[in-house]
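**Student:** Handing you this structure, nothing more for now.
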There are 2 protein chains.
Amino acid sequence: MVSHRRTPVEPESITPHLCSLDLRLHILKGLPFFAGLPEEDIAGINARFHERGYAPGETIFYAGDPVKRLYVVASGKVKLLRHTLSGQDVLLDILAPGEFFGNLSALGDDVYPDTAQAQTLTCALSIEADVFRQIMAAYPAVALAVVDIMNERLRAAHEMMRQLSAHTAEQRIAHTLLKLGEKLGQPADVGLLIQMPLSREDVAAMAGATVETASRTLSQFKKAGLIRSGRQWVALADPDRLRAIAEGDA
Amino acid sequence: MVSHRRTPVEPESITPHLCSLDLRLHILKGLPFFAGLPEEDIAGINARFHERGYAPGETIFYAGDPVKRLYVVASGKVKLLRHTLSGQDVLLDILAPGEFFGNLSALGDDVYPDTAQAQTLTCALSIEADVFRQIMAAYPAVALAVVDIMNERLRAAHEMMRQLSAHTAEQRIAHTLLKLGEKLGQPADVGLLIQMPLSREDVAAMAGATVETASRTLSQFKKAGLIRSGRQWVALADPDRLRAIAEGDA
DNA sequence: CGCTGCCTTGATCTTCTTCAAAACGTGTGG
DNA sequence: CCACACGTTTTGAAGAAGATCAAGGCAGCG
């Protein structure tokens, strides 16, 4: 049963729908915005978080849901996506453990702008947005860290906007793979392996293209020795040359 | 000389390259992130800001400049754009008085990710990023307001990403006009007038299209009675129908 | 062993860009 | 006040990139 698995991607640990208390504390301590906080304060904050596990493909919340919680990925991977009327989805980001998502705004509509969906077996911590705002008010360092992270995300979004409006599909797909490689890549004998089940459709939705174009382009990259790939996985064999393509050289 | 101006767009007030002290205080008081702060604290903060005027078309800073300042538009309009290697620029946003831009991050590269350029005669206040971070640390309410604003911008950027990757040029241009109308629109006898000199090239760079496509699409909108426009100006005559186009109905 | 999803590949067609040139508006200098 | 010159806008025709439509192939799973 395991013997003829062909994908090099390792399945998520079988830890079920609960995160152990150890893991929770470990995750929270490692969170960029709690870095530097006294341990006992973190323990106090920890108590304000709820936890919940999600099966692969399960939706954590839908765009438009009228709730305000802030989530943190404890384990697993989470897709952040936005729907279009035509049913065509756009994959905005893939979040790794330690990253946050959800709604932490005080103003505006009380709805999530995006849909969040577990890509693998996932455990997520969540907290009431208002409670988190209280924490930010009490610990300015936390607020500053949040600003930094949002700043970084805004920068990434702007970069993506540039990509989408001024680059070819080939360039955007190369760029998408590199981004995923940076975030989720693990060295393996096939190259820098993107550690997660990643379909052609996912790649297409991230790069703003159709499944067919994504497939054609990946085939072409594979033929050129830039990547290796199979059903639901991709590994980067030659990131440098990929980068050249993404930047418009090749 | 003035008699045969054809544009309905009013020129920026002739106030020259300096903002009066009154204006400075007024701007700072009205800033969303200083709302609710005691007046005397604002006066103290005011002292930490520098001011500088810019001529139309003048660049405030270039992407890659190794400085860290946070800017606030006091008067005028500022274009935020990102260059591509192919010389094709992407217009990320147009900022109105009261909006901020620049670099306020503590981490990452000490460079601006985007270029900022005065679109009209502009006065901008600026502050050292580190100083502003101190202010955020001292006044948690300020930090929370900044988080809210960045949250809103991130949402807008995600929306734009969706637009770029899943909509036609016509839809994107309609959407661009509506966005501009919301932000800069003023009721006039020609419709909701976008109060600033706006070339076809600007529209194209915001919508991710070429000048020619923008021109063709605007002509078509004009013929259909959706907008009125001329050299360097656009007014929305029928926002509702434009919205229908942007959303994919028409 | 066959079913169900993913992935691939080909042919066609639409959309948008590119290239080219002309028309127009605005401000300038005569 | 007029005419010229420049930058903006418009329009046309050809071309390319990618979407769409349509089959067929392959892997994993029951």
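**Student:** Taking a cut-off of 19 Å between Cα atoms, list the aspartates and glutamates near A:LYS77, but don't count ones fewer than 8 places away on the same chain.
**Tutor:** A:GLU10, A:GLU12, A:GLU51, A:GLU58, A:ASP89, A:ASP93, A:GLU99, A:ASP114, A:GLU182, A:GLU201, A:ASP202
**Student:** Report the one residue of B:ALA129, B:PRO32, B:VAL142 whose Cα lies farthest in the direction of the positive end of the charge dipole of the range B:21-163 (charges on C-beta: Lys and Arg +1, Asp and Glu -1; origin at the Cα centre).
**Tutor:** B:PRO32
**Student:** So what's the back-of-envelope 222 nm ellipticity for chain A, counting only DSSP H runs of four-plus at -39500 (n - 2.57) apiece and dividing by all residues, rounded to 500?
**Tutor:** Only helices count here, giving -13000 deg cm²/dmol.
**Student:** Could you tell me the relative contact order of chain B? Use alpha-carbon pairs under 8 Å, at least six residues apart, and round to a whole percent.
**Tutor:** Answer for chain B is 20 percent.
**Student:** Still on this structure: Give, as a single signed number, the net charge of other residues whose beta carbon lies under 13 Å from the beta carbon of B:ARG216, with Lys and Arg counted +1 and Asp and Glu -1.
**Tutor:** Taking every other residue near B:ARG216 into account, the sum is +1.
**Student:** Need one word for the range A:168-246: rounded, prolate or oblate. Basis is the Cα gyration tensor (sqrt eigenvalues a ≥ b ≥ c); a/c below 1.5 gives rounded, then a/b vs b/c decides.
**Tutor:** Working: a/c = 1.43, a/b = 1.23, b/c = 1.16.
Rounded shape, in that the Cα axes give a/c under 1.5.
**Student:** To the nearest 0.05, what FRET efficiency results for A:ASP22 and B:ASP189 with a Förster distance of 51 Å applied to their C-beta separation?
**Tutor:** For A:ASP22 and B:ASP189, the calculated efficiency is 0.15.
**Student:** If you don't mind, there's one more thing I want to ask. One decimal, nm, shortest first: give the distances between the label point of B:VAL131 and those of the same position in the other copies, each label point 7 Å from Cα along Cα→Cβ.
**Tutor:** 3.9
**Student:** Would you work out which of A:GLN220, B:LEU81, B:PRO8 lies farthest towards the positive end of the dipole of the protein assembly as shown, given +1 charges on the beta-carbon of Lys and Arg and -1 on that of Asp and Glu, about the Cα centre?
**Tutor:** Of the options given, the answer is A:GLN220.
**Student:** At 30 angstrom or more along the helix axis (alpha-carbon based) and mean Kyte-Doolittle of -1.0 or higher, what helices does chain A contain? Whole DSSP H runs only.
**Tutor:** What comes out of the filter, once short or polar helices are dropped, is A:140-166.
**Student:** Semi-axes, largest first, in whole Å: what does sqrt of 5 times each Cα gyration tensor eigenvalue give for the range A:21-163?
**Tutor:** They are 25, 18, 15 Å, listed largest first.
**Student:** Ok, one more. Using +1 at the Cβ of each Lys and Arg and -1 at the Cβ of each Asp and Glu in the protein assembly as shown, identify which of B:ASN151, A:THR168, A:GLY102 lies farthest towards the dipole's positive end.
**Tutor:** Ranked along the dipole, the leading option is A:THR168.
**Student:** Starting from 0.36 nm per residue, how many nanometres of slack lie between B:GLU152 and B:GLU128 once their C-alpha separation is accounted for? List each step's numbers first, then the result.
**Tutor:** Values: separation 24, 0.36 × 24 = 8.64 nm, distance 2.34 nm.
Between B:GLU152 and B:GLU128, full extension yields 6.3 nm more.
**Student:** Considering chain A as a Gaussian network with a 10 Å cut-off on Cα pairs, which listed residue, A:VAL78, A:VAL142, A:VAL203, attains the greatest mean-square fluctuation?
**Tutor:** In the Gaussian network model the winner is A:VAL142.
**Student:** Please say if the range A:75-137 is rounded, prolate or oblate, where rounded means a/c under 1.5 for a ≥ b ≥ c the square roots of the C-alpha gyration tensor eigenvalues, and otherwise the choice is prolate for a/b larger than b/c and oblate otherwise?
**Tutor:** oblate
**Student:** Can you list the equivalent-ellipsoid semi-axes of chain A, largest first and in whole Å, using the square root of 5 times each Cα gyration tensor eigenvalue?
**Tutor:** Values for chain A, descending: 33, 21, 17 Å.
**Student:** Percent of Cα-Cα pairs more than 40 Å apart in the protein assembly as shown, please.
**Tutor:** 26
**Student:** Evaluate the relative contact order of the range B:69-212 (contact order divided by residue number), counting alpha-carbon pairs under 8 angstrom at least 6 apart; express in whole percent.
**Tutor:** Dividing the mean separation by the residue count of the range B:69-212 yields 24 percent.
**Student:** In what order do B:ASP202, B:ASP130, B:ASP189 fall by count of nearby beta-carbon atoms within 10 Å, going from fewest to most?
**Tutor:** B:ASP189, B:ASP130, B:ASP202
**Student:** Could I ask something else about it? Using Cβ contacts closer than 10 Å as the measure, can you line up A:ILE45, A:ILE194, B:ILE27 from fewest to most? Show your work: numbers first, answer last.
**Tutor:** Details: A:ILE45 20, A:ILE194 26, B:ILE27 23.
Neighbour counts put them in this order, fewest first: A:ILE45, B:ILE27, A:ILE194.
Rule-based calculations on the coordinates, nothing more; no lab input. All of these numbers come straight from a predicted model, not from anything done at the bench. Note that each Cβ is placed from the backbone with ideal geometry, even for glycine, and that neighbours are counted across all protein chains shown.
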